[in-house]
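Scroll down for the structure; my scribbles are underneath it.
Read-outs throughout are calculated quantities, based only on the coordinates presented, and are distinct from any laboratory measurement. What you see is a predicted model, and the numbers here were worked out from it, not measured in a lab. Cβ placement follows ideal geometry from the backbone for every residue including glycine, while neighbour counts extend to all protein chains displayed.
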Amino acid sequence: MVGVITGDWNLFFKLIAAAAVIPLVLSGLLTGAFVDGDRNRANYHTETKKDRQDKNKWVKKLLIIGVPNFSLLIILIILNI
C-alpha cells in the first residue's frame, strides 16, 4: 500500500528490508550469534534458566517477524531484476 499511495516503490523495499533486517539482527544479538564461543558459553552459564527461556521466547517472536519479511524481500528483488 505504501508503494501505491506514495508512488515510490523504493520506499516500499526499504520498509520491507527494515522489517526483515532489524528483527533478524536483534534475534542474533539475543542468541549471542555475534560473539565468540567463550563469551557465549560464559553468558549461558551465568544466566538463569528463566532468563534463558524468556530470551528464547523473544528470539522466536523476532524470527517469526523477520523471516517472512526477508523471504518477501528476496522474492520481490528477484521479480524486479
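Please verify whether the stretch 29-45 includes one or more residues that are within 30 Å of residue 79 (Cα to Cα) and among the hydrophobic types (A, V, I, L, M, F, W, C).
no
Restricting attention to the stretch 35-81, which residues are more than 14 Å from residue 19 (Cβ to Cβ) and of a type in the set (Phe, Trp, Tyr)?
Correct list: 44, 58.
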